[in-house]
Amino acid sequence: MSYALSLLIALPLLGAPLVYAATRVNRRLGIYASLALSAVVLLVAGYVFWQVYAAAASNSLAPGQYMLQEKYSWISFSNFGLDYFLGADGLSSPLLLVSALLTVLVVVGSRRLIDHHEAEYYSLIFMFEGAIMGVFTSLNLILFYLFWEIVLIPMFFFIGVWGGPRRKYAALKFIIFTFAGSTIMLLGFLYVYLGMIGTPGVSFNIPDLAGKIPVALQYLPLIASFIGFAVKLPLVPFHTWLPDAHVEAPSPISVLLAGVLLKMGGYGFLRISIGLFPNASAQYAWVFLVLGLFSMFYGAAAAILQRDLKKMIAFTSINHMGFVLFGAYATLVSGNLLGIQGAIFQMFTHALAVGSLFMLSGYIQHQAGTREIPLLKGLRTSMPRTAAILVLGSAAAMGLPPFSSFLAEFMVIAAGISASAFTAISILVPVLTAGYFLWMVKRTVLSPAEGEHEAHDMGWSDVAAFAVYLVPLVILIIASYLILTPALPVAQFLRGLA
Amino acid sequence: MIDYLTLAIVLMGAAALLLPLLQLLKGRAALPGYVLAVVLAAAFVLIGAFTLSGPSPSSVPWGGSLLHPDQLGGIFALVTLGVTLAVTIVSFDFEKGPSNPVYYSLLAFTALGMVLLAYSQDLLMLFVSWELMSVPTYVLAGFSKTRQSNEASVKYAIIGAMSSAVILYAISLAYGLTGSTQISTVVSGFTSNPTALAGVATLLFVAGFGFKMSIVPFHMWIPDAYEGAPTTISTLLAAATKKAGFIAAIRVLLAITTLYTVTQNPVFTMANVFAVLALVTMTLGNVSALTQKSMTRLLAYSSIAQAGYMLIGFVAFSNAPGSAAATLGLTGTIFHVINHAMMKGVAFLAAALVLLQLKRADLGAYNGLGKRMPLTAFTLTVAFLGLAGVPPLSGFWSKLLLFLSVANGPYGWLALAGILNSAFSLGYYAWIIKRMYMDEGESTERVKEPFWSVIVFAIMVGLIIGIGLFPQQVVGFVSSAAASVAG
């Protein structure tokens with residue numbers, strides 16, 4: 001039995017108090033300790049990713065099969081049992097990798113942007129990372145829910161303690177919205193379990209339940225889990241917490257919010273909404289397709305209207321995460337596997353592309369003193385390196401070909417076209433996306449500079465950090481098989497259930 | 001050979017009777033507290049050993065048909081003793097006056113009453129221990145001799161007397177109908193011969209126990225009494241004597257199904273009665289808690305809301321006795337009683353400490369507490385998150401079992417209501433956490449956090465987190481106790 005997945009969860013959670021102690025002793029020591037810890041976790045995540053990829057590449061990963069499984073009995077009495085059950089497949093391994101990578105980059109990016117309560121800050125980052133790893137690897141519904149909720153606690157403090165002027169309001173709104181959504185999701189899980197309690201071999205384990213839940217028991221939990229995941233994704237109209245949370249959160253935390261936390265929603269839709277309630281999902285797939293489409297258009301339209309650079313990027317997340325839901329359900333309708341593969345790919349590329357933009361918005365505010373798009377003028381001359389990164393990051397986010405986000409969106413749209421003539425209008429979404437990004441770039445980068453700006457451009461070390469966000473995206477357009485090969489059995493499995 | 005339970009009872013009785021004599025020793029103000037703490041700790045260990053050793057009714061020969069030492073009683077005895085012990089230890093930092101031997105003696109009487117109540121198998125024994133538990137708390141509630149404290153004490157005493165009268169009336173009806181005060185005989189008599197009077201007696205039991213369990217509509221004394229009483233005593237009321245109401249209800253009420261058979265009306269069943277009480281109690285508790293401006297009142301209303309969650313297990317049990325869901329529900333109720341005693345107990349003790357050090361109980365006092373009293377603030381945070389049911393704290397597991405027990409079937413709406421209530425309650429818990437860590441306080445000066453309080457906080461927080469991560473031992477034990485009730 002392998003302990004890699006437990007290690008992924010335990011290293012950050014147990015390391016958090018050490019990071020706290022180290023930072024209390026000495027600030028630099030704390031940051032180095034955080035870097036070292038996050039790098040080690042990244043190595044383990046890379047190992048997990050490679051294991052899953054290697055198995056998929058050699059065709060030894062059957063649809064619905066999980067690698068690196070760990071299973072222990074956690075609670076059991078008379079007619080109730082819970083297992084500590086972990087596993088990874090082509091859906092979770094890219095998310096594990098990108099979460100670990102973003103954690104490293106967030107630690108690097110925080111050293112200049114966070115200047116108080118640093119010990120608490122860095123230790124909470126690792127509490128967050130450990131919980132996220134748990135969400136993406138849990139194969140038991142209750143364990144999944146447990147990690148899902150633990151994620152909220154550090155995020156509540158991130159927004160409320162290190163956030164902007166309206167941080168307290170945003171923190172309370174965030175925690176109440178997401179907690180309400182997830183408790184309803186939990187109720188759906190309980191409903192299934194109690195409904196099946198007489199069935200032999202019933203448990204909360206996802207592999208035991210997949211394909212075995214009677215259709216009559218699928219509808220209510222589908223709605224319940226939909227509410228939990230739609231709040232996280234977020235899907236319009238469950239999205240109102242997101243702009244507030246993003247605007248108030250410090251930029252490194254926005255990276256975690258957009259890059260990692262939103263992925264919990266997409267992961268939940270694929271793993272649970274489709275994976276456990278496939279018949280009900282297939283029956284109402286058009287509802288999800290329409291909601292996904294609406295989110296894509298709404299996010300894009302709302303982004304055009306924003307003056308705050310960060311809020312604009314927040315709305316692009318709604319736009320991009322709509323692709324995930326849309327692609328997943330397009331596969332259910334059309335049987336075209338590109339939808340689910342594209343959705344998984346989209347989650348990976350969105351994390352890096354939007355992560356870089358959020359981090360950049362933090363730098364711009366730190367250096368230029370504002371994030372208002374109309375006030376940011378002439379970045380090309382005043383901050384040339386920053387401007388270049390902004391252009392590249394925007395290109396990555398809008399899905400311009402050298403970046404693999406192009407491929408991901410292309411796959412999702414292809415599945416959308418094969419689903420129905422109506423859903424083919426998804427092809428218009430990238431036009432809107434390109435529109436608002438180009439307009440933003442025109443106003444901030446290409447406009448003439450006004451007056452004397454004492455803005456400091458970013459140093460080459462920061463440029464290198466941003467390269468870490470963007471280079472993988474370029475590599476992945478060539479080596480897309482790294483993500484798509486392991487994603488294929490997942491897509492086949494989910495399509496086969498419906 | 002004398003058994004552990006008898007020894008524990010004799011110890012506590014002796015302590016209760018002899019502690020006031022320590023007033024004769026001048027200049028040893030701290031002694032009575034230490035003595036009582038040692039006695040209670042010894043009783044805790046003795047009863048713990050007794051419970052783990054698998055007690056049988058014959059192991060307490062003098063108990064006769066009055067006391068029935070089973071696992072269920074053991075769990076409640078340990079919970080109430082544990083809370084009393086915590087209150088006693090924290091009181092070292094509080095009660096420094098000359099009359100403190102009396103204070104500790106009254107605590108000992110209450111503890112003895114609660115232990116006897118946990119094991120009672122006869123309605124008369126139950127009533128006697130009920131009074132032994134209650135009467136000292138009337139005095140304790142007025143112990144700080146302020147106007148507010150006196151008012152709380154009087155109000156509490158009057159309501160308490162009324163609830164005792166209601167219970168006594170129910171007992172007399174039960175005796176008249178069945179010719180016995182043995183609980184098992186009364187229950188089988190009620191069920192086999194369901195007359196209208198049996199239904200009335202059942203409802204009277206619900207009302208009488210409901211006062212202590214803080215169930216709406218029998219809750220109105222709770223916020224005033226908790227606010228007026230010394231906050232350490234509020235801890236005792238919320239975390240210990242309230243639990244005594246639950247053990248009485250579990251022993252007496254759960255097996256009775258008369259209401260349905262009396263009226264032949266499928267709506268008027270015990271399960272429906274409990275379901276409505278649960279819904280009203282948790283909703284009203286949470287909504288009222290949100291609007292409170294003082295910490296003790298907020299905790300009082302949150303305590304009412306938690307009683308509503310506990311009732312969900314009763315619903316599952318009386319809906320389908322003997323089913324898998326019934327065992328899950330009762331396990332959830334008992335487990336939640338344990339968790340609530342720890343979480344609400346430590347929250348009240350922390351509030352007591354804030355009141356003692358800052359002389360304020362309004363919520364404004366909690367602004368910036370994270371800097372001023374970091375250990376207290378952390379304790380409150382853990383307790384609040386646990387009360388809201390955030391995993392992996394222990395409160396999560398008991399709520400999970402409670403909601404699971406009714407998640408599918410006729411009472412699915414109750415699970416939904418419970419879950420929405422949990423989410424709603426996080427609104428005010430997170431609001432306090434926000435005050436402690438995100439708002440600016442009136443000063444940032446460190447305030448002393450006394451030694452004994454910190455020790456109790458550390459143990460309680462350790463238990464809340466520890467049981468949350470490794471619930472198997474506790475849940476396994478609780479579920480076997482619940483299964484024995486489910487029969």
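The values are calculated or read from the model by the stated rules, or taken from the named source; none is laboratory data. Computed from a predicted model, the values in this text were never measured in an experiment. With ideal geometry, Cβ positions are generated from the backbone for all residues, glycine too; neighbour counts draw on all protein chains shown.
A few remarks follow.
- Residue within the stretch B:262-285 that is assigned to a helix (DSSP H, G or I), within 14 Å of chain A (Cβ to nearest Cβ) and either in contact (Cβ under 8 Å) with a residue 60 or more places away in the chain or under 27 Å from A:Phe80 (Cα atoms) (or both) present: yes
Quick grid of which residues meet (1) surrounded by 23 or more Cβ atoms within 10 Å (Cβ to Cβ); (2) farther than 27 Å from B:Ala201 by Cα:
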position: B:Met220; (1), (2): no, no
position: B:Pro223; (1), (2): yes, yes
position: B:Tyr226; (1), (2): yes, yes
position: B:Thr231; (1), (2): yes, yes
position: B:Leu236; (1), (2): yes, yes
position: B:Ala240; (1), (2): yes, no
position: B:Phe246; (1), (2): yes, no
position: B:Ala249; (1), (2): yes, no
position: B:Leu254; (1), (2): no, no
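- The number of residues in the stretch A:319-361 that are more than 11 Å from the chain's Cα centre (by Cα) and aliphatic (A, V, I, L, M) comes to 13.
- Members of the stretch B:233-268 found to be modelled with pLDDT under 90, among the polar types (S, T, N, Q) and touching a helix residue (DSSP H, G or I) at 6+ places or on another chain (Cβ under 9 Å), listed by number: B:Thr257, B:Thr258, B:Thr261, B:Thr263, B:Asn265
- Every residue from the stretch A:331-360 that is buried (at least 24 other Cβ atoms within 10 Å of the Cβ) and among the hydroxyl-bearing types (Ser, Thr, Tyr): A:Thr331, A:Thr349, A:Ser356
- Considering (1) part of a helix (DSSP H, G or I); (2) aliphatic (A, V, I, L, M); (3) over 29 Å from B:Gly427 (Cβ atoms), the lone condition that B:Ala255 does not fulfil carries the number (1).
- Within the stretch A:131-147, being touching a Gly at 6+ places or on another chain (Cβ under 8 Å) and more than 12 Å from every other protein chain (Cβ to nearest Cβ) holds for A:Thr137, A:Leu139.
- Candidate set from the stretch B:428-438 (those that are at the interface with another protein chain (Cβ under 7 Å from one of its Cβ atoms) and over 24 Å from the mean Cα position of the chain (by Cα)); member that is modelled with the lowest pLDDT: B:Met438
- Filter result for the condition that a residue is within 20 Å of B:Ser184 (Cβ to Cβ) and either assigned to a loop (DSSP other than H, G, I, E, B) or modelled with pLDDT of 90 or more (or both), over B:Ile89, B:Ile75, B:Ile47: B:Ile75
- Flag if B:Ser425 is part of a helix (DSSP H, G or I), buried (at least 24 other Cβ atoms within 10 Å of the Cβ) and more than 12 Å from chain A (Cβ to nearest Cβ): no
- Every residue from the stretch A:1-26 that is of a type outside the set (A, V, I, L, M, F, W, C) and surrounded by 14 or more Cβ atoms within 10 Å (Cβ to Cβ): A:Ser2, A:Ser6, A:Pro12, A:Gly15, A:Tyr20, A:Thr23, A:Arg24
- Restricting the stretch A:466-493 to residues that are among the hydroxyl-bearing types (Ser, Thr, Tyr) and either in contact with a strand residue (DSSP E or B) (Cβ under 9 Å, 6 or more places away or on another chain) or in a helix (DSSP H, G or I) (or both) leaves a set whose member that is nearest to A:Phe410 (Cα to Cα) is A:Tyr481.
- Whichever residue in the stretch B:407-422 is farther than 18 Å from B:Ile304 by Cα and within 8 Å of chain A (Cβ to nearest Cβ) and, among such residues, is surrounded by the most Cβ atoms within 10 Å (Cβ to Cβ): B:Ala407
- Failed item in (1) surrounded by fewer than 22 Cβ atoms within 10 Å (Cβ to Cβ); (2) in contact with a Leu (Cβ under 7 Å, 6 or more places away or on another chain), with A:Leu217 passing the rest: (2)
- Selection from the stretch A:153-171 of residues that are at the interface with chain B (Cβ under 10 Å from one of its Cβ atoms), buried (at least 21 other Cβ atoms within 10 Å of the Cβ) and without any contact (Cβ under 8 Å) to a residue 40 or more places away in the chain: A:Phe156, A:Phe157, A:Gly160
- Candidate set: the stretch A:65-80, residues that are buried (at least 16 other Cβ atoms within 10 Å of the Cβ) and within 11 Å of another protein chain (Cβ to nearest Cβ); chosen: the one nearest to A:Trp50 (Cα to Cα): A:Trp74
- Exactly one residue out of A:Arg380, A:Arg371 is basic (Lys, Arg), in contact with a Leu (Cβ under 9 Å, 6 or more places away or on another chain) and farther than 24 Å from A:His246 by Cβ, and it is A:Arg380.
- Scan of the stretch A:289-321 for residues that are touching an Asp or Glu at 6+ places or on another chain (Cβ under 6 Å) and not charged (D, E, K, R), ordered by number: none
- Selected residue [in contact (Cβ under 8 Å) with a residue 60 or more places away in the chain, away from chain B (no Cβ under 12 Å), crowded, with 24+ Cβ neighbours inside 10 Å and closer than 16 Å to A:Val324 by Cβ] from A:Leu235, A:Leu256: A:Leu235
- Total residues in the stretch A:110-122 satisfying the condition of being in a helix (DSSP H, G or I) and surrounded by fewer than 24 Cβ atoms within 10 Å (Cβ to Cβ): the figure is 6.
- Selection status of B:Ile183, closer than 22 Å to B:Tyr119 by Cβ, surrounded by 18 or more Cβ atoms within 10 Å (Cβ to Cβ) and in contact with a Phe, Trp or Tyr (Cβ under 8 Å, 6 or more places away or on another chain): no
- Output for the stretch A:195-227, where each listed residue is modelled with pLDDT under 90 and within 11 Å of chain B (Cβ to nearest Cβ): A:Gly195, A:Met196, A:Ile197, A:Gly198, A:Val202
- Lone unmet requirement of (1) farther than 18 Å from B:Leu36 by Cα; (2) over 18 Å from the mean Cα position of the chain (by Cα); (3) among the charged types (D, E, K, R) for B:Asp93: (1)
- Within the stretch A:172-182, being more than 14 Å from A:Phe226 (Cβ to Cβ) and at the interface with another protein chain (Cβ under 7 Å from one of its Cβ atoms) holds for A:Leu172, A:Ile175, A:Ile176, A:Phe179.
- Filtered residues of the stretch B:447-487 (kept if part of a helix (DSSP H, G or I) and among the β-branched types (Val, Ile, Thr)): B:Val454, B:Ile455, B:Val456, B:Ile459, B:Val461, B:Ile464, B:Ile465, B:Ile467, B:Val474, B:Val475, B:Val478, B:Val485
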